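Beneath this line is the structure, given in structure tokens, with notes to follow.
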Amino acid sequence: MPYSSALKKNTYILAIESSCDDTAAAVLHNDKTLANVVAGQDVHKEYGGVVPELASRAHQQNIVPVVHQALRQAKIDKNQLSAIAFTRGPGLMGSLLVGTSFAKSLAMGLNIPLIDVNHMQAHILAHFIKEDDFKIPTFPFLAMTISGGHTQIVRVDNYFEMTVIGQTLDDAVGEAFDKSAKVLGLPYPGGPLIDKYAQLGNPKAYPFTKPKVDGLDFSFSGLKTAVLYFYQREIKKDPEFVNKNLNDICASIQYTIIQIILDKLKKAVKQTGITQIAIGGGVSANSGIRKALKDAEKKWGWTTYLPKFEYTTDNAAMIGIVGYLKYIQPDFDRSRYIENNLTAQARLKI
Ligand code: KG4
Ligand code: ZN
């Protein structure tokens, strides 16, 4: 039965995100964020990548304090909550299960709807969180989701009408950053470090070849190998090569990645006729990518949407906005969501 719209005017959503290595909770009042808390997991640093078993254990430790902190910061009592939104997938199964089980139990205890959210949709719909000085996309637009696990170009015709029109055939763009950084001896996650050093370097110092992939799909595994061979070749000639040229190497890797992304976006714009471009996912924090997209507004007449920094890497506010957008749909079936017994799903399509 449709849920009274009067009851939806003041909606408070608690959102929980635990798909990878960040335990996050947020509270939203309608489409505005009241609190957005993220606990990262330093435990993975020494392993050069996320260790699933350690991630789920850390989620278990973090989830209660993170949720408490979000409610406290938002000054909201759990009895005021209208619904709970949680990440159902995609992600690491052990990690997803912690957030899913916690959200299920809390929603059941409070007898409120439990709203399942697709993490990749959330990276896109994060643009609908109301923030001063940030514009909200109008439909249709193209979303480029670039993270540690995904690289997709998505045509977005409405909140929940999305079509993937291009994606990576192997590594995600975040992996290209992180694996290249690992070759250079930088700690995990290396993406933000490459970004930092790239800002001081010459992007054309070391040309890396771009992969040739048909259509709107991507491939990043070749770049990682090219960086490895380049490293092995240069270090043989001069063991100090990386230390001496880190800024230029990082700038060159980042430049190559940006060119790959821009080439595909240009193709997607040509193919769809859509010139509104939104980016999302952890890699959308990259300063070079942000600058390239800003420049594209003047160069090619695109309208580009860059998320606020706190909504780029994994966070729960983006899960909350999807929960809210589902909750206010006229046909929202409250009873179905009260009895929501969906399980976590490691592979979940948009
Ligand atoms: O969305 P996210 O937090 O988690 C996933 O769903 O994967 O993305 C994490 C990825 C990592 O690969 C990280 O290195 C990358 O985002 N990243 C960056 C930057 N900040 C985060 N890559 C390049 N430049 C950055 N500034
Ligand atoms: Zn993500």
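Please treat every number below as a calculation from the coordinates, not as lab data. Values in this document were obtained by computation on a predicted structure and should not be read as measured data. Positions of Cβ are backbone-derived with ideal geometry, glycine not excepted, and every protein chain shown enters the neighbour counts.
What to note about this one:
- Of all beta bridges that DSSP places with both ends in the chain, some 60 percent have antiparallel geometry.
- As a ratio to 2.2 N^0.38 Å, the alpha-carbon radius of gyration for segment 176-295 is 1.10.
- Per-residue 3J(HN,Hα) values for segment 340-350, derived from phi via the Karplus relation 6.51 cos²θ - 1.76 cosθ + 1.60 with θ = phi - 60°, read 4, 10, 5, 9, 4, 9, 4, 10, 9, 7, 5 Hz in sequence order (x marks Gly and Pro).
- Order of Lys264, Lys212, Lys291 - criterion: other Cβ atoms within 10 Å of each residue's Cβ, fewest first: Lys212, Lys291, Lys264
- Pairwise FRET efficiency - Asp214 versus Asp333, Cβ, R0 = 56 Å, nearest 0.05: 0.85
- Computed FRET value (nearest 0.05) for Tyr229 with Tyr47, which takes r as the C-beta separation and R₀ as 25 Å: 0.55
- Scanning residues 5 or more positions from Phe220 or on other chains, those with amide H under 5 Å from its amide H are Leu169, Asp170, Asp171, with H placed 1.01 Å from N in the peptide plane.
- Taking each residue as 0.36 nm, the span from Arg57 to Gln271 lengthens on full extension beyond its C-alpha to C-alpha distance by 72.5 nm.
- For the chain, relative contact order (Cα pairs under 8 Å, six or more residues apart, normalised by length) works out to 26 percent.
- Evaluating 6.51 cos²θ - 1.76 cosθ + 1.60 at θ = phi - 60° for every residue in segment 19-30, the Karplus couplings come out as 6, 9, 10, 10, 9, 9, 9, 9, 10, 10, 9, 6 Hz, glycine and proline recorded as x.
- Within-13-Å neighbourhood charge of Ile124 [Cβ basis; K, R +1; D, E -1]: -1
- Across every direction, the projection of the convex hull enclosing the Cα atoms of the chain has a mean area of 17.6 nm².
- From least to most packed, judged by other beta carbons within 10 angstrom and beginning with the fewest, Phe134, Phe208, Phe220 follow the order Phe134, Phe208, Phe220.
- The Cα center of segment 7-54 and the Cα center of segment 111-158 differ in position by 15 Å.
- Remark: segment 275-280, residue by residue, has Karplus-estimated 3J(HN,Hα) of 10, 8, 10, 10, 10, x Hz, where x stands for each Gly or Pro and the curve is 6.51 cos²θ - 1.76 cosθ + 1.60 at θ = phi - 60°.
- Between the amide H of Ile279 and those of Met144, Tyr305, distances stay under 5 Å, these residues lying 5 or more places away or on another chain, with hydrogens modeled in the peptide plane.
- For Ile115, residues with placed amide H under 5 Å, excluding near neighbours: Ile84, Ala85, Phe86
- Computed from the Cβ-Cβ distance with R0 of 45 Å, the FRET efficiency linking Tyr159 to Ala205 stands at 0.55.
- A straight line joining the Cα centroids of segment 88-104 and segment 170-209 runs 30 Å.
- Here the residues Lys45, Lys326, ranked from fewest to most Cβ neighbours within 10 Å of their Cβ, fall in the order Lys45, Lys326.
- Segment 193-258: C-alpha gyration tensor shape, a/c 1.5 cut-off, then a/b vs b/c: oblate
- Spread of Cα-to-Cα distances over 10 Å intervals beginning at zero, given as percent, for segment 53-162: 12, 34, 36, 18, 0
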